[in-house]
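The values are calculated or read from the model by the stated rules, or taken from the named source; none is laboratory data. Quick caveat: nothing in here was measured; it's all calculated off a predicted structure. As a convention, Cβ positions derive from the backbone with ideal geometry for all residues, glycine included, and neighbour counts pool all protein chains shown. The accessibility values were calculated without ligands, DNA or RNA, using every heavy atom of the protein model including side chains. Shrake-Rupley method; radii C 1.70, N 1.55, O 1.52, S 1.80 Å.
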Amino acid sequence: MTVDVQPQPRTGAEILVNCLRRQEVDRVFCVPGESYLAVLDALHDAREAVSLVVCRQEGGVTNMAEAYGKLTGRPGVAFVTRGPGATNASIGVHTAFQDSTPMVLFIGQVAREFKDREGFQEVDLVAMFRPLAKWAAEITDPRRIPEYVHRAFQTAIAGRPGPVVLSLPEDMLSEEVAEPVDPGLCAKPLAAAPGEQQMRDFAALLAGSERPLVILGGGGWTAQARDDLLAFAERAEVPISASLRCQDYVPNEHSHYAGHFSVGAEPSLVKNLAEADLVIALGARLGEMTTGGYELLKAPRPRQKLVHIYPDPEELGRVYQADLPINAGLAPFAAALRRLDPGAVPAGRAAWVARLKQDHERSYEPIPTPGPVDLPAIFRHLQEVLPRDTIAVSGAGNYTGWVHKYWRFSTFRSQLAPTSGAMGYSVPAAVAAKLTCPERTVISFNGDGCFLMNGQEMATGVQHGAAVVYIVANNSMYGTIRMHQEREYPTRISGTELRNPDFPMLARAYGLVGLRVERTEDFPAALAEALASPTGGLIELVLPQEALSVRANLSKFRQAALERLGKGA
């Protein structure tokens with residue numbers, strides 16, 4: 001993108017937009033605010049180069065920016081106003097931090113002369129976001145905007161990717177600068193490469209392993225890095241598993257893919273991890289959800305030998321003490337793996353790979369859902385008729401267990417889901433996905449509780465021409481919390497029941513097709529109608545409360561808890 005030094009005079013907002021163009025920003029997500037009106041005006045002049053997506057709530061803004069960052073590898077850019085706008089936006093910043101997604105959030109702030117008086121909607125934004133972001137700062141001089149913007153984008157994509165927050169005082173944005181201002185250079189990704197000795201040490205550990213297992217995850221992956229990893233895995237006969245909600249990093253049908261670790265991981269995969277003698281954590285932090293509360297891999301010293309490759313040196317040794325910690329970017333390390341000579345492969349390793357793959361294939365065997373809507377059959381039909389590169393989006397809740405178990409991810413960057421466990425992610429993320437990849441089919445999976453946290457962003461999708469199919473699994477409760485409630489306080493229902501609106505009617509009010517499915521056999525026709533709609537569609541799946549989780553219904557949870565607590569049936 002060609003961006004020239006701006007002639008003088010220019011406002012801070014005009015300088016800022018020029019810097020965004022230098023950073024190759026092509027889309028901005030926002031809810032407008034009076035504190036950054038000058039930026040909106042400057043974006044009007046750049047509307048041919050920068051698309052402005054106007055959302056309905058600031059949580060939708062940052063969730064959309066996060067999804068854009070996941071799909072493209074470039075920072076998602078968001079603008080919101082101070083105070084309530086910033087607090088609404090914070091959830092998406094937290095997701096970007098935990099998911100290692102590049103993002104730059106700009107927040108309008110009170111004028112400099114009013115700072116620290118608790119002016120209208122004033123919040124100390126730097127203090128507020130410092131724990132949630134890689135870097136948070138305030139720009140007080142418009143002449144320094146290029147410096148701050150370059151650093152923000154560089155920080156967002158360097159090492160472990162993540163969010164950056166910049167506070168913009170309202171009067172700073174409207175202040176004019178007389179002298180010419182150079183927008184600076186475009187930020188480029190920075191990633192450390194593994195040392196030669198580290199690769200020799202890695203090769204030695206691998207040579208002595210009969211049952212190695214890769215656990216991949218984190219941010220900063222590319223399609224080339226995936227290809228490099230698969231070439232190594234095939235040559236060295238090493239199985240690959242994925243950490244929480246990173247199932248699309250390698251094709252699930254690949255001969256060396258062994259499944260994924262998540263909440264309630266497949267028992268066979270848990271058993272295989274316990275039998276592994278070498279764990280290669282490649283980009284995965286090995287957090288609480290992936291490790292089953294740090295029990296599947298005992299912290300701080302696992303029984304298995306551990307190689308931990310991570311782009312942030314401060315994460316290495318933070319929880320797990322690895323036998324070989326390597327500070328490296330995932331793409332450089334994967335490239336080094338492809339060049340690595342694994343030596344003679346131990347005789348039993350091919351059988352180990354085959355066993356894990358067989359176990360993974362068995363994990364797709366359907367577990368019937370209580371009631372007349374069978375979710376395994378629904379997912380089977382979806383994958384029979386939808387393109388292989390369909391983007392499957394989900395938020396948080398027990399309903400995601402069916403997505404994780406039955407969806408076979410074949411294409412890199414076809415899964416959008418928050419490892420932060422943030423409800424309300426699916427609808428806005430799906431809208432961003434369709435805007436970013438308009439040629440691909442996008443399916444947004446939701447629970448009834450999850451959907452209503454950001455369902456209003458369907459309006460954003462309609463306004464901007466993003467035709468998404470939203471599927472709402474409605475069992476009239478906050479299912480995850482009800483599951484824990486039944487386990488700890490069986491029969492004592494409190495705070496988890498939901499009385500929901502008419503979801504199809506709500507969708508029609510937004511301008512979409514709205515459909516209700518109460519029997520499995522009615523789903524194919526409903527899906528076809530929703531896919532054919534130029535504005536998208538919503539399909540409500542009516543489920544009984546017995547449909548509590550993939551492996552156990554509500555009655556089983558309750559009965560098991562009553563027996564454990566000695567209370568009988």
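Scanning the range 429-442 for residues that are among the aliphatic types (A, V, I, L, M) and touching a helix residue (DSSP H, G or I) at 6+ places or on another chain (Cβ under 7 Å) yields ALA429, VAL431, ALA432, ALA433, VAL442. Taking each residue of the range 444-467 that is surrounded by fewer than 24 Cβ atoms within 10 Å (Cβ to Cβ) and looking for partners that are of a type in the set (D, E, K, R) and not in a helix (DSSP H, G or I) with beta-carbon atoms closer than 6 Å, six or more apart or interchain, yields GLN456/ARG56; ALA459/ARG56.
Test GLY85 against the criterion of being within 27 Å of SER426 (Cβ to Cβ) and in contact (Cβ under 8 Å) with a residue 60 or more places away in the chain, and give yes or no. So GLY85 fails the test. When residues in the range 1-22 are screened for being over 30 Å from the mean Cα position of the chain (by Cα), at pLDDT 95 or above and either aliphatic (A, V, I, L, M) or open to solvent by 10 Å² or more (accessible area, probe 1.4 Å) (or both), 4 of them pass.
Tell me, please, whether a residue that is in a helix (DSSP H, G or I), among the polar types (S, T, N, Q) and open to solvent by 60 Å² or more (accessible area, probe 1.4 Å) can be found in the range 559-569. Yes; the residues of the range 559-569 include at least one that is in a helix (DSSP H, G or I), among the polar types (S, T, N, Q) and open to solvent by 60 Å² or more (accessible area, probe 1.4 Å).
So that you can scan it fast, the table gives a plain yes or no per residue for (1) loosely packed, with under 14 Cβ neighbours inside 10 Å; (2) of a type in the set (Phe, Trp, Tyr); (3) within 17 Å of ASN398 (Cα to Cα):
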| position | (1), (2), (3) |
| --- | --- |
| ILE471 | no, no, yes |
| GLY479 | no, no, yes |
| SER494 | yes, no, no |
| LEU506 | no, no, no |
| ALA526 | no, no, no |
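The requirement of being closer than 30 Å to PRO332 by Cα, open to solvent by less than 60 Å² (accessible area, probe 1.4 Å) and modelled with pLDDT of 95 or more is not satisfied by GLY159.
GLN383 meets each of the listed conditions (1) at pLDDT 95 or above; (2) open to solvent by 30 Å² or more (accessible area, probe 1.4 Å); (3) within 30 Å of GLU196 (Cβ to Cβ) apart from (3).
When the range 274-314 is filtered for residues that are within 21 Å of ASP201 (Cα to Cα), in contact with a Ser or Thr (Cβ under 8 Å, 6 or more places away or on another chain) and surrounded by fewer than 18 Cβ atoms within 10 Å (Cβ to Cβ), only ASP277 remains. Out of the residues in the range 308-352 that are of a type in the set (Phe, Trp, Tyr) and either in contact (Cβ under 8 Å) with a residue 60 or more places away in the chain or in contact with a Lys or Arg (Cβ under 6 Å, 6 or more places away or on another chain) (or both), which is farthest from GLU237 (Cα to Cα)? Residue satisfying both the conditions and the ranking: TYR310. ALA38 falls short on exactly one of the conditions (1) closer than 21 Å to CYS186 by Cβ; (2) touching a Leu at 6+ places or on another chain (Cβ under 9 Å), and that condition is (1). Checking each residue in the range 116-171 for being assigned to a loop (DSSP other than H, G, I, E, B), touching a residue at least 40 places away in the same chain (Cβ under 8 Å) and not β-branched (Val, Ile, Thr) picks out GLN121, GLU122, LEU132, ALA133, GLY159, ARG160, PRO161, GLY162.
Among the residues of the range 174-205, just one is open to solvent by 30 Å² or more (accessible area, probe 1.4 Å) and in a strand (DSSP E or B), namely GLU176. Do we have any residue at all in the range 242-257 that's open to solvent by 10 Å² or more (accessible area, probe 1.4 Å) and among the aliphatic types (A, V, I, L, M)? The answer is yes, given that some residue of the range 242-257 is open to solvent by 10 Å² or more (accessible area, probe 1.4 Å) and among the aliphatic types (A, V, I, L, M).
Within the range 532-546, the only residue that satisfies the criterion of being among the small types (Gly, Ala, Ser) and either modelled with pLDDT under 95 or open to solvent by 20 Å² or more (accessible area, probe 1.4 Å) (or both) is ALA532.
A count restricted to the range 114-152 and to residues that are among the aromatic types (Phe, Trp, Tyr), open to solvent by 10 Å² or more (accessible area, probe 1.4 Å) and either at pLDDT 95 or above or within 30 Å of the chain's Cα centre (by Cα) (or both) stands at 2.
Filtered by the rule that a residue be open to solvent by less than 30 Å² (accessible area, probe 1.4 Å) and in contact (Cβ under 8 Å) with a residue 60 or more places away in the chain, the range 399-412 gives TYR399, GLY401, TRP402, HIS404, LYS405, TRP407, PHE409, SER410. Picking from residues in the range 366-380 that are in contact with a helix residue (DSSP H, G or I) (Cβ under 9 Å, 6 or more places away or on another chain) and assigned to a loop (DSSP other than H, G, I, E, B), the one that is most open to solvent (accessible area, probe 1.4 Å) is PRO368.
The rows are residues; the columns are (1) under 20 Å from GLY76 (Cβ atoms); (2) touching a Ser or Thr at 6+ places or on another chain (Cβ under 6 Å).
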{"site": "GLY395", "(1), (2)": "yes, yes"}
{"site": "ASN398", "(1), (2)": "no, yes"}
{"site": "TYR406", "(1), (2)": "no, no"}
{"site": "SER420", "(1), (2)": "yes, yes"}
{"site": "SER426", "(1), (2)": "yes, yes"}
{"site": "CYS437", "(1), (2)": "yes, no"}
{"site": "PHE445", "(1), (2)": "no, yes"}
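Residue selection: VAL513 fails the criterion of being open to solvent by 40 Å² or more (accessible area, probe 1.4 Å), touching an Asp or Glu at 6+ places or on another chain (Cβ under 7 Å) and either touching a residue at least 60 places away in the same chain (Cβ under 8 Å) or closer than 21 Å to THR460 by Cβ (or both).
Look at ARG318 and say whether it is over 21 Å from LYS134 (Cα atoms), in a loop (DSSP other than H, G, I, E, B) and modelled with pLDDT of 95 or more. No: the conditions fail for ARG318. For the range 328-339, indicate whether the set of residues that are buried (at least 20 other Cβ atoms within 10 Å of the Cβ), in a loop (DSSP other than H, G, I, E, B) and out of contact with any helix residue (DSSP H, G or I) (no Cβ under 6 Å at 6 or more places or on another chain) is non-empty. Yes, some residue in the range 328-339 is buried (at least 20 other Cβ atoms within 10 Å of the Cβ), in a loop (DSSP other than H, G, I, E, B) and out of contact with any helix residue (DSSP H, G or I) (no Cβ under 6 Å at 6 or more places or on another chain). Considering the range 23-113, the qualifying helices (runs of 4 or more DSSP H), each wholly inside and each with 3 or more residues that are surrounded by fewer than 24 Cβ atoms within 10 Å (Cβ to Cβ), run over 37-45, 84-98.
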